[in-house]
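Notes follow once the structure below has been shown.
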Amino acid sequence: MLSRKQREMYTAFAFIAPYLIGYLLFHFFPIFLSFIISVTDVRYISRIGDASFVGLRNYLELFSDTEFTNSVKNSLLFSIMYVPGVMLVGLVLAVLINKKLYARNLLRGMLFMPYVSNMVAVSVVWSLLMDPTGGVINNVLRSIGIDNPPMWLMSTKTSLVSVVIIAVWQGVGLQFVTFLAAFQNVPTELKEAAYIDGTNGFQNFIHVTLPCIRSQTFLLMITSVITSLKNYTIVQVLTEGGPGTSTTILPLNIVNTAFTSFRMGYACAQTVVMFVIVMAITVLQWSGRKRFED
Amino acid sequence: MKRILCLLLIALLVISSVFAGGSKETSDNSEAGQSKPLRFAIKASEAGRAENLRLVELAKENGIDVELVTYPDPGAGEADKLLISLMAGDEFDLVLSAHSNMNPFYDAGVMTCLDDLAADAGYDIAAVFGDYPAQFDGKYYGLPAFVDIAITIYNKDLFDRAGIPYPESENWTWEKFIEVGQKISALGDDIYGAFNPLWAHYNYMLAMQKGASHYKEDGTSNYDDPLFKEALEFYYDLGNKYHVNPEYLVQESRQMPLEYFTSGNVGMSVAGGWTSVWLTDMEKYPRTWKAGVLPMPYPEGYPKSTSVVVSSFWVPETSTQKELAFKCAALFAENMYKMGSGRIPARVDLTQEEIDSYIENDLLNAFAFDGITVDEIRAMWFDPEVKIFDEKVTGPAAAEINKIFMTEGGLYGIGEQDLDTTMMNIKEKADKAIANAT
């Protein structure tokens with residue numbers, strides 16, 4: 001006869017079993033398998049039995065592969081621009097909408113809308129807006145006297161920045177809503193006390209509001225960094241990594257290596273490196289969390 | 001009581017599950033000695049096509065039971081589900097693929113060599129299909145069902161407005177194409193002499209027409225051959241220099257659709273023969289202007305040539321009825337053009353009478369609105385003097401090479417990379433891709 005505690009434990013396991021099985025099968029097992037495949041020369045179009053162990057050859061090749069190093073550089077650049085961009089814009093929008101504004105609910109809905117919009121539709125619209133030859137943006141810039149407006153997505157010099165702008169526009173909804181919700185939990189008595197002590201609105205925001213929402217800020221920062229490094233869809237639908245390889249980020253390079261070059265082993269070595277990069281950044285952020293929150 | 005009810009329900013569920021799987025009526029085909037239908041793998045997007053259903057009927061009339069088994073179309077950047085399925089050992093008996101798409105299947109070892117099957121059946125593949133069948137390492141792997149031959153289609157209305165006589169198939173060269181294209185482009189800002197989608201094969205098309213090959217004898221890429229440099233320059237010049245096509249930048253940034261020719265603002269289109277559907281499907285592509293057809297242009301001073309995409313039936317290694325599957329593949333390959341979709345047969349054994357009869361009875365009616373004649377169709381699709389070449393790369397690292405052309409050619413197209421650097425990069429990257437693939 002099982003004790004009540006044991007019964008509760010088994011029941012709990014029964015409840016989490018569907019998720020746990022799904023996680024083990026579709027997350028943990030593929031991750032584990034990636035490590036194994038990364039030390040083999042498995043090709044997507046060859047039988048697994050024909051594969052052989054190659055040790056660290058795939059990893060060593062990464063250092064001399066300019067396509068890989070270029071994609072890592074692009075991924076890091078993407079994150080460096082995207083994370084502060086999306087956080088800052090989200091915060092500013094939340095501050096503005098938090099004030100008593102006309103049609104505030106409507107604006108709130110509109111700002112969140114890109115976040116739930118279909119990425120393909122978003123990319124078509126933005127591509128047309130950013131069309132360097134006859135798009136709305138460049139027509140406006142020309143009309144105000146800028147003779148050589150940017151080429152946006154069509155130049156190697158501006159394509160990554162353009163993708164980041166669109167990514168920030170698309171992703172800012174989540175940051176904005178989270179910041180807005182966090183603002184509601186800032187104790188008004190603290191703000192009032194600070195005002196009485198002589199702070200102005202800006203000082204009040206910096207010294208009272210921001211420290212009160214640091215947990216949410218930290219969470220958003222972590223998720224933004226991970227999202228930006230894992231990003232694939234937006235680049236695939238906007239530029240497919242071009243022009244040239246100017247927007248080929250690491251996940252895109254991994255997919256190309258696996259499904260265009262058919263080098264599954266080498267692609268897995270890249271995924272392991274990406275896993276390590278994301279993990280290292282996350283660990284660093286977590287370790288800095290306490291200091292951040294203090 | 002509850003427990004009994006539960007047990008009853010579970011028993012009912014189990015029994016119904018078992019019989020649900022076995023309720024399908026299987027046709028007994030004792031003539032062919034078939035114990036089960038041949039499984040014909042077909043993409044979901046093509047499963048509903050009448051010609052495929054007619055093929056199944058044709059097989060039935062010949063005593064072969066065939067069932068269509070659909071698999072999901074791969075999206076952009078996705079793996080081919082059929083390849084995964086075959087590599088996992090799933091049983092299929094027939095597949096229809098374009099030759100350029102068969103390479104990964106061959107490399108994966110999931111295709112059956114047809115040489116022995118043909119010998120056992122006493123079937124002379126070369127006598128029926130000539131040079132069209134898919135071959136790898138000198139062996140037959142596919143029986144060609146139809147061939148897509150590239151054509152030129154043109155808008156007669158724009159030719160009338162520009163005061164240009166309609167071009168003729170005789171001596172239809174690229175030089176003439178550029179000459180008339182420039183005159184049509186001069187009609188207005190939004191009117192283009194020609195429009196071709198941004199596809200990789202245009203980057204090397206001219207080189208192929210001049211007799212170049214993608215690979216050297218030692219297996220490396222041949223992109224240091226000056227013909228490829230000339231071909232790439234020619235393609236981008238069509239837009240950037242001659243202004244026959246939209247400039248590359250305009251075409252790329254405005255995401256001009258594949259069917260832009262049907263807008264009525266384009267003089268000519270040079271693309272696969274399948275684009276004739278833009279003329280024949282008036283419901284989907286309604287228009288008031290008339291169109292004409294021509295073969296693909298060729299470079300002056302060279303023999304007439306055109307690119308082709310051959311689609312072949314092949315037998316997967318996982319088939320357990322290979323002899324019957326071969327027999328069915330031959331039946332389908334020989335007759336698919338008769339299934340009412342206006343396909344061009346990939347057969348060399350048809351008599352002139354059979355070809356004329358096919359043009360008059362099956363093809364001509366579809367072009368009635370444009371008043372296209374038997375001679376024009378013959379010149380476009382049935383000229384025995386035209387030299388054919390594969391539209392796309394068909395050897396090792398084919399998909400990657402096409403991608404390299406798009407990436408590097410695109411940089412040249414937007415003016416960020418000079419021609420020599422572009423060709424050098426293409427050669428270098430293609431060699432690396434080939435080395436990794438072999």
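The values are calculated or read from the model by the stated rules, or taken from the named source; none is laboratory data. Please read these numbers as outputs of a predicted model, since none were measured by experiment. No Cβ is skipped: glycine too gets one built from the backbone with ideal geometry, and neighbour counts run over all protein chains shown. These accessible areas exclude ligands, DNA and RNA; they are computed on the full protein's heavy atoms, side chains included. Shrake-Rupley method; radii C 1.70, N 1.55, O 1.52, S 1.80 Å.
May I have the extent of the alpha carbons of chain B along their three principal axes, as whole Å values ordered from largest to smallest?
Dimensions of chain B along the principal axes of its Cα atoms: 85, 56, 50 Å.
Just going by the charge dipole of chain A, with Lys and Arg at +1 and Asp and Glu at -1 on Cβ, which of A:Ser75, A:Val235, A:His207 is farthest out on the positive end?
Selected residue: A:His207.
With +1 assigned to the C-beta of every Lys and Arg and -1 to the C-beta of every Asp and Glu, and no other charges, what is the dipole magnitude of the range A:67-293 about the Cα centre in debye, to the nearest 20?
260 debye
With springs only between Cα atoms under 10 Å apart, run a GNM on chain A and tell me which of A:Ser127, A:Ser52, A:Ser228 wobbles the most.
A:Ser52
Within chain B, which DSSP H helices have Cα atoms that stretch 15 Å or more along the helix axis and a mean Kyte-Doolittle hydropathy of at least 1.6?
TM-like helix candidates: B:2-22.
Out of the DSSP beta bridges found with both residues in chain B, what percent are antiparallel (nearest 5)?
For chain B, the DSSP antiparallel bridge percentage is about 60.
Under a point spin-label approximation (7 Å from Cα along Cα-to-Cβ), what is the A:Ala121-B:Asp131 distance to one decimal in nm?
5.0 nm
Could you report the accessible area of B:Asp418 in Å², rounded to 10, computed with a 1.4 Å probe on the protein chains as they sit in the structure?
90 Å²
Can you find, among A:Gln216, A:Gly171, A:Leu101, the residue farthest towards the positive end of the dipole of the range A:67-293? Put +1 on the C-beta of Lys and Arg, -1 on that of Asp and Glu.
With unit charges placed on the Cβ atoms, the residue in question is A:Gln216.
Among B:Lys216/B:Lys392; A:Lys157/B:Lys392; B:Lys392/B:Lys427; A:Lys100/A:Lys290; B:Lys284/B:Lys304, which pairs are too far apart, with a Cα-Cα distance over 28 Å?
Exceeds cut-off: A:Lys157/B:Lys392; A:Lys100/A:Lys290; B:Lys284/B:Lys304.
How much length, in nm to one decimal, is gained on full extension between A:Leu56 and A:Leu101, taken as 0.36 nm per residue of separation minus their Cα-Cα distance?
10.3 nm
Is there a quick way to get the dipole size of the range B:374-436? I mean about its Cα centre, with the Cβ of Lys and Arg at +1 and of Asp and Glu at -1; what is the value in debye to the nearest 20?
The dipole magnitude comes to about 280 debye.
Report, by chain and number, residues whose modeled amide H sits under 5 Å from the one on B:Gln34, excluding near sequence neighbours (fewer than 5 apart, same chain).
Residues meeting the amide H criterion: B:Asn29.
Could you work out, for chain A, what percent of all Cα-Cα pairs fall into each 5 Å distance bin, beginning at 0 Å and stopping at the bin that holds the largest distance?
Percent of Cα pairs in each bin: 1, 5, 9, 11, 12, 13, 13, 11, 9, 7, 5, 3, 1, 1, 0, 0, 0.
So who's got an amide H within less than 5 Å of the one on B:Ile372, skipping anything under 5 residues away but keeping other chains? H placed 1.01 Å off N, in plane.
Under 5 Å from the amide H of B:Ile372 lies no amide H from a residue far enough along the sequence or on another chain.
Using a 1.4 Å probe and counting only protein heavy atoms, how much accessible surface gets buried when A and B come together, both sides summed, in Å² to the nearest 100?
Summing both sides, the interface buries roughly 2500 Å².
With +1 on each Lys and Arg Cβ and -1 on each Asp and Glu Cβ, and nothing else charged, work out how big the dipole of the protein assembly as shown is about its Cα centre, in Debye to the nearest 20.
Once rounded to the nearest 20, the dipole reads 4480 debye.
Under a straight-distance cross-link criterion of Cα-Cα below 18 Å, which aspartates and glutamates are reachable from A:Lys73, leaving out those fewer than 8 residues away in the same chain?
Candidates past the 8-residue exclusion: A:Glu61, A:Asp65, A:Glu240.
List the trypsin sites (Lys or Arg not before Pro) in the range A:214-294 that DSSP assigns to loop (not H, G, I, E or B) and whose Cβ has at most 16 other Cβ atoms within 10 Å. Which are they?
Sparse-neighbourhood loop trypsin sites (Lys or Arg not before Pro): none present.
Report the label-to-label distance for A:Gln6 and A:Phe32 in nanometres (one decimal), using points 7 Å from each Cα along the Cα→Cβ vector.
2.8 nm
Just to make sure I understand: if all protein chains stay in place, what is the order of A:Met119, A:Met221 by accessible area at 1.4 Å, largest first?
The residues order as A:Met221, A:Met119, largest area first.
Would you please name the GluC sites (Glu not before Pro) within the range B:175-257 that are DSSP coil residues with at most 14 other C-beta atoms within 10 Å of their C-beta?
For GluC sites (Glu not before Pro) across the range B:175-257 that sit outside H, G, I, E and B with at most 14 neighbouring Cβ atoms in 10 Å, the list reads B:Glu217.
Each label point is 7 Å from the Cα along the Cα-to-Cβ direction; what then is the distance between the points at B:Thr70 and B:Leu350, in nm?
In this crude label model, B:Thr70 to B:Leu350 measures out at 3.0 nm.
In deg cm²/dmol, rounded to 500, what helix-only [θ] at 222 nm does the protein assembly as shown give when every DSSP H run of at least 4 residues adds -39500 (n - 2.57) and the total is split over its residues?
-15500 deg cm²/dmol
Is the protein assembly as shown best put as rounded, prolate or oblate by its Cα gyration tensor, with a ≥ b ≥ c the root eigenvalues, rounded for a/c under 1.5, and otherwise prolate when a/b is larger than b/c, oblate when not?
Cα axes put the protein assembly as shown in the oblate bin.
Beyond a 29 Å Cα-Cα separation, which of these cross-linked pairs lie in this structure: A:Lys191/A:Lys230; B:Lys81/B:Lys429; B:Lys241/B:Lys403; B:Lys176/B:Lys290; B:Lys139/B:Lys176?
The pairs that break the limit, which is 29 Å between Cα atoms, are A:Lys191/A:Lys230; B:Lys139/B:Lys176.
Rounded to the nearest 0.05, what FRET efficiency do A:Thr282 and B:Glu259 give with R0 = 41 Å and r taken as the Cβ-Cβ distance? Could you check?
Here the calculated transfer efficiency is 0.30.
Hand me the chymotrypsin sites (Phe, Trp or Tyr not before Pro) from the range B:278-372 located in a DSSP loop with no more than 15 other Cβ atoms within 10 Å, in residue order please.
Here the sparse-neighbourhood loop sites are B:Trp289.
State the volume of the convex hull built on the alpha-carbon positions of the range B:64-152, expressed per residue in Å³ and rounded to an integer.
159 Å³
Can you list which of the DSSP-assigned H helices in chain A have a Cα extent of 18 Å or more along the long axis and an average Kyte-Doolittle score of at least 0.5?
A:66-98, A:159-184, A:214-230, A:264-287
For B:Tyr71, list long-range residues whose amide hydrogen, built 1.01 Å from N in the peptide plane, is under 5 Å from its own amide hydrogen.
B:Ile42, B:Lys43, B:Ala44
Sequence gap at least 6, Cα distance under 8 Å: using those rules, report the relative contact order of chain A to the nearest whole percent.
29 percent
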